[in-house]
1. Any residue in region 272-285 that's of a type in the set (Asp, Glu): show its pairings with residues that are assigned to a loop (DSSP other than H, G, I, E, B) at Cβ separation under 7 Å, as long as the two are six or more apart or on different chains.
2. Of all residues in region 127-162, which are away from ligand 2 (no atom under 16 Å from the Cβ) and not polar (S, T, N, Q)?
3. At least 1 residues that are within 15 Å of ligand 2 (Cβ to nearest atom), in contact with a strand residue (DSSP E or B) (Cβ under 7 Å, 6 or more places away or on another chain) and not hydrophobic (A, V, I, L, M, F, W, C) in each: list the helices (runs of 4 or more DSSP H) lying fully within region 29-126 that qualify.
4. Restricting attention to region 274-286, report how many residues are crowded, with 18+ Cβ neighbours inside 10 Å and under 23 Å from residue 319 (Cβ atoms).
5. Would you mind stating whether residue 42 is of a type in the set (S, T, N, Q) and either farther than 22 Å from residue 163 by Cα or outside the structural domain of residue 152 (by TED's automatic domain parsing) (or both)?
6. Within region 303-317, restricting attention to residues that are surrounded by fewer than 20 Cβ atoms within 10 Å (Cβ to Cβ) and in contact with a strand residue (DSSP E or B) (Cβ under 8 Å, 6 or more places away or on another chain), which residue is nearest to residue 262 (Cα to Cα)?
7. Considering each of 147, 163 in turn, give the residue that is within 11 Å of ligand 1 (Cβ to nearest atom) and either basic (Lys, Arg) or outside the structural domain of residue 54 (by TED's automatic domain parsing) (or both).
8. For region 227-270, give me the residue count where each residue is in contact with a helix residue (DSSP H, G or I) (Cβ under 7 Å, 6 or more places away or on another chain) and farther than 30 Å from residue 60 by Cα.
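The values are calculated or read from the model by the stated rules, or taken from the named source; none is laboratory data. Only a predicted model underlies this, so the values are computations on that prediction, with no experimental measurement involved. Don't worry about glycine lacking a Cβ; one is built from the backbone with ideal geometry, like all the others, and counts go over all protein chains shown.
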Amino acid sequence: MESTRLLPASDANIGLAVELLRRGEVVAFPTETVYGLGADASNPEAVQKIFAAKGRPSDHPLIVHIAADADPLQWTAQWPEAAQRLASVFWPGPLTLILKRAAHVPDAVTGGQDTVGLRCPGHPDAQRLLSAFGGALAAPSANRFGRISPTSASHVLEELSGRIPLILDGGHCQVGIESTIIDLSRGFPVLLRPGDLSIEAIAGVLGQMPARPDAQAPRVSGALEQHYAPGKPLQLVHASALQDVLSVVRISQCSPVAVIGWSEPFLNAARACGFGASLNENGQLLVMANDVHRIAHDLYAVLRQADHLPVKSIFCEQPPGLAVWEGVQDRLKRASA
Ligand code: TXA
Ligand code: MG
């Protein structure tokens, strides 16, 4: 098929991206959360190309990305006070709002639902692209369906080489996991997807804790039980259980394995079992910085790294059950489902 160009997000290359987008092509671009695969949100044929490149079912709705100076009411039928409050504090930034859609928003974007997801991304290259394009970009994460989201341009190439014409390189994504999604279309806020922007920060601005999804909550592909998954089986383990788990692995000759962790007790247990920073007969220990935002930042790159090692499976430290960990926890739970 076509060859994929990977170019720095210079003004000239953003110009090239805009030309492609106006012709109804797709372009991968950096955001502060993960790389997106964008198409003109007002062009249904262009949007179809996103589903084809990703291998994603076409009834899954896409997020509409807008420039910082765009009017949200171009895309939504209502802009409630809660949306205004959240947008004024957190936009541009890693927050997606679900709202009643404006009538002209293509079904290809909304998955035929009466709502639309809106996000104003914080990455300066994404904002430059949106301003130069002059419209909105429908964009999911730039990975094959069900796989780990890309947090660098080389990850996108790994996922979509030969399937899209252009990747704009804007470096490693600062946040590292997908945006927090809040549904405001039902008259009260609902958390559809946790992210690095915590539910407590959102509740602080709303003056109300968002509800959890119920049976009436819309379909979210990120809510499929298995999602964001590496190719190899991944299991979450508490520090206190690691030695037992790894000795069973050795007895049943399921080694070598990759072990991912960050806390001292977990890393000590892994080292006591003969795991170190370089690959040996047991496998390899991948050490992450012990900070929830750094873990979010590095998580997908480390999962990809573990996936590429000559190991049979991956064991990762169980994150703590605190609210600030909810985004990381959610992605690891799905990756291990
Ligand atoms: O951080 C992000 O949100 C990244 C970057 C590229 O912006 N995008 C992203 O897109 O994660 P995607 O398609 O991989 O995940 C978007 C989620 C999906 O689970 C989708 O179902 C949900 O948003 N979504 C989009 N529009 C929706 C709508 N109208 N109602 C309910 N859920 C919606
Ligand atoms: Mg995705």
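1. 281/256
2. Restricting attention to region 127-162, the residues satisfying the condition of being away from ligand 2 (no atom under 16 Å from the Cβ) are 127-136, 153-154, 157, 161-162.
The answer is 128, 129, 130, 132, 133, 134, 135, 136, 153, 157, 162.
3. Details: elements: 44-54, 81-90, 107-110.
Once the helices (runs of 4 or more DSSP H) in region 29-126 are filtered for at least 1 residues that are within 15 Å of ligand 2 (Cβ to nearest atom), in contact with a strand residue (DSSP E or B) (Cβ under 7 Å, 6 or more places away or on another chain) and not hydrophobic (A, V, I, L, M, F, W, C), what remains is 44-54.
4. Result for region 274-286: 5.
5. Working: of a type in the set (S, T, N, Q): yes; either farther than 22 Å from residue 163 by Cα or outside the structural domain of residue 152 (by TED's automatic domain parsing) (or both): no.
In short, no.
6. Only one residue fits best here, namely 305.
7. Details: 163 fails: within 11 Å of ligand 1 (Cβ to nearest atom).
147 is the lone residue from the list that is within 11 Å of ligand 1 (Cβ to nearest atom) and either basic (Lys, Arg) or outside the structural domain of residue 54 (by TED's automatic domain parsing) (or both).
8. Initial filter on region 227-270 (in contact with a helix residue (DSSP H, G or I) (Cβ under 7 Å, 6 or more places away or on another chain)): 227-232, 234, 236-237, 239, 242-243, 255, 257-263, 265-266, 269-270.
Those left that are additionally farther than 30 Å from residue 60 by Cα: 237, 239, 242-243, 255, 257-263, 265-266, 269-270.
Qualifying residue count, region 227-270: 16.
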